[in-house]
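Okay, structure first, notes after.
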Amino acid sequence: MKLESGGLGASSMADGSSRGIGPIILLGSPGAGKGTQAKRIAERYGIPQISTGDLLRDNVQRHTPLGLQAKDVMARGELVPDELIYDMVAQRLRQVDCDPGFVLDGFPRTPAQAGWLDAFLENEFFDNRDRPGRCTPIVIRIDVDYNQLLHRLTGRRTCLANGHIYNVYLQPPRVPDTCDLDGSRLVTRDDDRDEVIRERLTAYEVQTKPVAEYYERQGRLVSVNGDLPVDEVTELIRLVIEGHRAARADSF
Ligand code: AMP
């Protein structure tokens with residue numbers, strides 16, 4: 001299924017009726033806007049945003065054993081081996097704030113990860129009556145044109161203190177190289193350098209596209225047009241989520 005246009009303005013109000021929204025999976029290539037949209041979903045439904053990229057970067061910064069193993073792989077733009085990711089994701093999903101649901105951004109990234117996630121949710125969520133979020137994940141892919149992706153990624157700058165994101169072409173800071181919100185310096189992430197960007201886009205084509213196919217085969221994939229303005233994409237995603245909730249409510 002593909003949703004093309006919504007048009008209403010975005011709302012970032014927490015949605016009080018969020019109990020048991022369940023897992024939401026955002027798919028899309030690097031630069032598709034998964035992080036931005038995941039934050040908005042998290043805010044609206046009062047659920048945590050879980051970004052495996054952020055979790056890994058945190059491990060790298062803290063020099064944990066996982067961080068030490070992942071650092072060079074990430075700097076080359078390649079995918080961290082699946083076995084290193086599973087423990088980290090399992091630990092995070094077991095935390096109590098995930099019970100009503102969560103939004104995954106950057107995971108699963110291989111068909112093996114998708115299979116692992118299905119098995120994990122089946123064992124730990126669906127069988128557990130105390131976890132209200134036990135529902136089949138809503139899977140949404142954000143589609144963006146390749147040239148647009150390059151523009152977004154090469155222009156991306158991240159603030160050192162809090163990870164606020166800018167784009168020198170599309171959303172420049174008021175003062176060059178300085179975060180509007182906390183005044184810290186803006187930097188190009190190691191893996192946002194040109195040659196690494198191409199590697200990341202290739203990794204997506206080869207390893208992550210089959211994840212969408214995995215969900216498509218099961219009839220669980222909905223695509224939205226990520227070339228649209230960011231608020232319109234947010235609205236499309238909201239419509240998909242609300243559609244799923246309405247369908248679930250009908251089936252009870
Ligand atoms: P991201 O911030 O999602 O673009 O992720 C940054 C980098 O972290 C990726 O280029 C990979 O090296 C690594 N990474 C993030 N999520 C995963 C994942 N699910 N599986 C393997 N590697 C990952």
Q: Hey, can you grab everything whose amide H is under 5 Å from the amide H of Asn167? Only 5+ residues off in sequence or another chain; H modelled, so Pro and N-termini drop out.
A: Arg157
Q) For the chain, which whole-number percentage of the solvent-accessible area (1.4 Å probe, protein heavy atoms only) is attributable to carbon and sulfur atoms? A) 50
Q. Dividing the convex hull volume of the alpha carbon atoms of the chain by its residue count, what do you get in Å³ per residue?
A. 133
Q.
Can you tell me the length gained on complete extension of the stretch Arg76 to Leu150, counting 0.36 nm per residue apart and subtracting the Cα distance?
A. 24.9 nm
Q | Separation in nanometres of the label points that stand 7 Å from Cα toward Cβ, at Gln207 and Glu122 | A | 2.4
**Q.** DSSP-loop chymotrypsin sites (Phe, Trp or Tyr not before Pro) across region 127-219, with at most 12 other Cβ within 10 angstrom
**A.** Tyr169
Q | Calculated [θ] (222 nm, deg cm²/dmol) that DSSP helices of n ≥ 4 give over the chain, each run adding -39,500 (n - 2.57) | A | -13000 deg cm²/dmol
Q: For Gln218 paired with Ala246, estimate the spin-label separation in nm (one decimal), with each label point 7 Å from Cα along the Cα-to-Cβ line.
A: 2.4
Q: Please work out the FRET efficiency for the pair Arg174 and Gln91, using the Cβ-Cβ distance as r and a Förster radius of 35 Å; give the result to the nearest 0.05.
A: 0.35
Q | Estimated distance in nm for a label pair at Asp190 and Asp58, the labels positioned 7 Å out from Cα along Cα-to-Cβ | A | 1.8
**Q.** In Hz, Karplus ³J(HN,Hα) per residue of region 155-171 (6.51, -1.76, 1.60; θ = phi - 60°; x = Gly, Pro)
**A.** x, 6, 10, 10, 7, 5, 6, 10, x, 4, 10, 10, 9, 4, 8, 9, 8
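The values are calculated or read from the model by the stated rules, or taken from the named source; none is laboratory data. No experiment lies behind these values; they were computed from the predicted model shown. So basically every Cβ, Gly included, is an ideal-geometry build from the backbone, and we count neighbours across all protein chains shown. The protein model used for the area step is the full one, side chains on, heavy atoms only, and it has no ligands, DNA or RNA in it. Shrake-Rupley method; radii C 1.70, N 1.55, O 1.52, S 1.80 Å.
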